[in-house]
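Quick notes on the structure that follows.
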């Protein structure tokens, strides 16, 4: 027998419990959702349906995969799509204010990402946040990791969509955001699950000195960083000619843990074989590195790079793999 009912109050109880626990200001709300994709869908679709007389939406593309899937929905409904990609913004040295002033008067929301999910590079959205609030346009800010280290003042028309894990996200809503849910209230929710996700993210901190020191010792494998600020909770290295997937497995073995636990230990690659995917980095990453760089890129957590002698282990592992792939006559 399948018990196929849902508890209508369950989601609201969860949100109310953590609103009190996290001491959220009285004029603001918090809501839980099933990952970033669900939260972004609820925030955007809920807003556009609630303010259905407004027929324009804005997208800042280039550093998050979590809202490209929305655009076809709005095109089908004949919305005016106003998009700006970060590449164009930087190439033309344009300001956020210049772009925001081109938005139509019936723009219901603008969505952008504070940080890049792979590189941790940050986008300064404060100027855009301020002008959108002045125009009374809702600003949906995605945060992959930024919220763990960079708190913001939540303005009335601002919504911050924060990732807790691949399965759970937390949305902080400004005082003027009162949009009803779309489907979250009919899902199954667990206070223990939310507590566990929040507990795992407590006391997260950056390691700028340690990461800069490590990367300075590995300059021959440097990643070509842009001028943007970054979150120092990860180190990126490129191992030319050796795929990141192969380096992940070899380093896992050298460090004494199984390859199957690599991801949980924050040692992973953008090589598509690791993800069994060919679409993972298509379309959304507007300032994407060359294909060979993505193939050979490795992302490592501070816990990994601070292991005793890790720099030499990584260098030796690379040289052995490179040598094994070289033809000798």
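What number of residues within segment 78-111 satisfy the criterion of being farther than 20 Å from residue 160 by Cα, at pLDDT 90 or above and touching a strand residue (DSSP E or B) at 6+ places or on another chain (Cβ under 9 Å)?
Number satisfying all stated conditions: 10.
Give the residues of segment 39-63 that are within 17 Å of residue 123 (Cβ to Cβ) and touching a helix residue (DSSP H, G or I) at 6+ places or on another chain (Cβ under 8 Å), sorted by residue number.
40, 59, 60, 61, 62, 63
Let me spell it out: the conditions are (1) in contact with a helix residue (DSSP H, G or I) (Cβ under 7 Å, 6 or more places away or on another chain); (2) farther than 16 Å from residue 136 by Cα, and residue 116 meets all of them except one. Which number is the exception?
Against the list (1) in contact with a helix residue (DSSP H, G or I) (Cβ under 7 Å, 6 or more places away or on another chain); (2) farther than 16 Å from residue 136 by Cα, residue 116 comes up short only on (1).
For the condition more than 30 Å from residue 299 (Cβ to Cβ) and surrounded by fewer than 21 Cβ atoms within 10 Å (Cβ to Cβ), what is the one hit in 134, 167, 121, 126?
So the residue among 134, 167, 121, 126 that is more than 30 Å from residue 299 (Cβ to Cβ) and surrounded by fewer than 21 Cβ atoms within 10 Å (Cβ to Cβ) is 134.
Can you spot a residue in segment 204-213 that is more than 20 Å from residue 150 (Cα to Cα) and not assigned by TED's automatic domain parsing to the domain that holds residue 147?
yes
Does residue 113 qualify as being within 15 Å of the chain's Cα centre (by Cα) and closer than 22 Å to residue 194 by Cα?
No, not satisfied.
Tell me which of these residue 37 doesn't satisfy, since it passes every other one: (1) farther than 30 Å from residue 279 by Cα; (2) surrounded by fewer than 18 Cβ atoms within 10 Å (Cβ to Cβ).
Result: residue 37 passes all but (1).
The values are calculated or read from the model by the stated rules, or taken from the named source; none is laboratory data. None of the values given here were measured: they were computed from a predicted structure. Positions of Cβ are backbone-derived with ideal geometry, glycine not excepted, and every protein chain shown enters the neighbour counts.
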